[in-house]
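The next block holds one structure in the form of structure tokens; read it before the comments.
The values are calculated or read from the model by the stated rules, or taken from the named source; none is laboratory data. Bear in mind that the values here come from a model prediction, so they are computed numbers and not experimental data. Here the Cβ is made from the backbone with ideal geometry for all residues, glycine too, and neighbour counts use every protein chain on show. Surface accessibility is based on the protein's heavy atoms, side chains included, excluding ligands, DNA and RNA. Shrake-Rupley method; radii C 1.70, N 1.55, O 1.52, S 1.80 Å.
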Amino acid sequence: MKKKIFERVNESLLMEKLDNGLEVYLYKTNKTKNFYITISVKYGANVTKYKIGDKVTEIIPGSAHFLEHKVMALSENKEISKRINELGSLANAWTSYNGTNYNIFGSINIKENLILLLDIFYNTDINPKNVEEEKGIIGEEIDMYKDKINSYMASELFKNLFNTSYVKNTVVGERSDIAKITAKGLNKIYKDFYVPNNTFITVCGNFDENDIMNTIKEYMNKLDLKPKKLPKVIKGREKDTVRIPYQEIKKDINDVRVKYAIKINRKAFSVKNKRLLSAYLNIILGANFSATSPLYEKYKNENIVTSLNRSMSIIDNHIVIIIEAFTKDGDRFIKELEKDIKKLSLSKDEFERKRKRYLKSYILDFDNIEDVEYIIAISLMTENKISYKAYSEIMSLDYNIALEVLKSINTDNVSIIKTVK
């Protein structure tokens, strides 16, 4: 096993790549008596089309999430479900655009929990009957998602921002998509992507590393799985322009909700490192749109908003910045924001305060095994590597470069979504 150290916090991570390509990450800590075990696949809702040899496969939106349901089918795996409950453990799963994660959180008998999770992952039964039965459950989940106005507005906004990108589709898909999904299609995805060399296991907690590693190796030896050539994911070329610049959603709520989104090609920024660019943008946005920012105070004092928030995402070759607000007058807020967003500022003192907050957040992440696992999972799903020098990266953030990033924010391509009664 290779040992890597996360700098500054002096926390170690053991890693080993098995002969079949499966990667295992072991994070041992005495800060907790609990453990967190996950199996992750580098396959998520961002895969809409792929190629093996000369054959191209189109994926129905919502398939990655549907497959997660059929793998983590505890209502069907009654014996496994019963044993997990007896152990007092919690089993769950999640799907994002970048990957799918299956997990167990517990406090006793880590080896048995590990084997139970492996059994869930590698003994999947996907057949026409249980796929049809699952469609109703996922349909209800889609309806619940749409009933949440914030989630619904966010999904509509990304549909408006993008022309061909995967983010035009939600992770869960639409009811019309789910109706088309078949057991045959899900089994093909499982066969093509749920392979050892596209999968990694993470174990966090207080345990014997050699014992856990041997347990995984023994289990994998019995399966005798081989590495496979991974499919080639096919991506479309996304335009810089937005598809729909403005949309209104009718909703009987007192406060108007507005989401103002800017879409910028990453080439506009001199900073090429995704993590660093994300840090610079979050510092700039935090300085201008947080609850302690002068702009928020101005909007609040003038009764323009009752709350103000911001977020940013990196979607392939584009940056998306979203400013959202609760307001009594949506048109007034949009008018003021369109003026103010062209004159954002960042003082050196504010830059240093935000950078220190980044450093503090990084250190505090290592107090929680679920946060550590999430850092590992997201890093591997999005960049196929883990940064062990995040502290140095944050320390390297430079005020003058932050100002360059600030100047590169343009409003050439904007999409706005607003609720109306």
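Values for this structure:
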read-out: Test: residue in the stretch 200-215 that is of a type in the set (S, T, N, Q) and within 25 Å of the chain's Cα centre (by Cα); value: yes
read-out: The lone exception for I181 - which of (1) buried (at least 19 other Cβ atoms within 10 Å of the Cβ); (2) out of contact with any Ser or Thr (no Cβ under 8 Å at 6 or more places or on another chain); (3) of a type in the set (V, I, T) it fails; value: (2)
read-out: Pick from the stretch 239-272, criterion within 30 Å of S396 (Cβ to Cβ) and either free of Cβ contacts under 8 Å to residues at least 40 places away in the same chain or in contact with a Phe, Trp or Tyr (Cβ under 7 Å, 6 or more places away or on another chain) (or both), ranking: surrounded by the fewest Cβ atoms within 10 Å (Cβ to Cβ); value: K272
read-out: Sole residue being hydroxyl-bearing (S, T, Y) and closer than 30 Å to K3 by Cα, chosen from T164, T182, T170, T199; value: T199
read-out: Residue pairs meeting the criteria (Cβ under 9 Å; at least 6 apart or on separate chains; first more than 25 Å from K159 (Cβ to Cβ), in the stretch 174-199; second of a type in the set (G, A, S) and assigned to a loop (DSSP other than H, G, I, E, B)); value: V195/G21; P196/G21; N197/G21; N198/G21; T199/G21
read-out: Residue pairs meeting the criteria (Cβ under 8 Å; at least 6 apart or on separate chains; first under 11 Å from Y399 (Cα atoms) and without any contact (Cβ under 8 Å) to a residue 60 or more places away in the chain, in the stretch 350-365; second part of a helix (DSSP H, G or I) and not basic (K, R)); value: E352/Y399
read-out: Hits in the stretch 1-28 - residues which are hydroxyl-bearing (S, T, Y), more than 20 Å from the chain's Cα centre (by Cα) and crowded, with 17+ Cβ neighbours inside 10 Å; value: Y27
read-out: Considering residues of the stretch 311-333 that are surrounded by fewer than 18 Cβ atoms within 10 Å (Cβ to Cβ) and more than 21 Å from the chain's Cα centre (by Cα) only, the residue farthest from K407 (Cα to Cα); value: K328
read-out: Where Y152 falls short, out of the listed (1) under 27 Å from V203 (Cα atoms); (2) modelled with pLDDT under 95; (3) under 25 Å from the mean Cα position of the chain (by Cα); value: (1)
read-out: Residue within the stretch 156-163 that is open to solvent by 10 Å² or more (accessible area, probe 1.4 Å) and more than 22 Å from the chain's Cα centre (by Cα) present; value: no
read-out: Residues within the stretch 69-101 that are open to solvent by 10 Å² or more (accessible area, probe 1.4 Å) and under 15 Å from the mean Cα position of the chain (by Cα), tallied; value: 6
read-out: Neighbours by Cβ (under 8 Å, 6+ apart or cross-chain): first from the stretch 29-56, under 21 Å from I216 (Cα atoms); second part of a loop (DSSP other than H, G, I, E, B) and open to solvent by less than 10 Å² (accessible area, probe 1.4 Å); value: S40/G99; V41/G99; K42/G99
read-out: Residue among T38, T32 that is surrounded by fewer than 20 Cβ atoms within 10 Å (Cβ to Cβ) and of a type in the set (V, I, T); value: T32
read-out: Residues satisfying the stated conditions in the stretch 226-251, i.e. touching a Ser or Thr at 6+ places or on another chain (Cβ under 9 Å) and among the charged types (D, E, K, R); value: K235, R237, E238, K239, R243, E248, K250, K251
read-out: Matching option when the condition is farther than 20 Å from L277 by Cβ and open to solvent by less than 50 Å² (accessible area, probe 1.4 Å), among L308, L364; value: L308
read-out: Output for the stretch 13-31, where each listed residue is under 15 Å from N206 (Cβ atoms), modelled with pLDDT of 95 or more and of a type in the set (K, R); value: K28
read-out: Helices (runs of 4 or more DSSP H) wholly inside the stretch 103-199 that include at least 3 residues being closer than 24 Å to K250 by Cα and touching a Lys or Arg at 6+ places or on another chain (Cβ under 9 Å); value: 128-147, 149-161
read-out: Out of I108, I137, I115, I104, sole residue that is open to solvent by less than 20 Å² (accessible area, probe 1.4 Å) and either among the aliphatic types (A, V, I, L, M) or farther than 30 Å from G88 by Cα (or both); value: I104
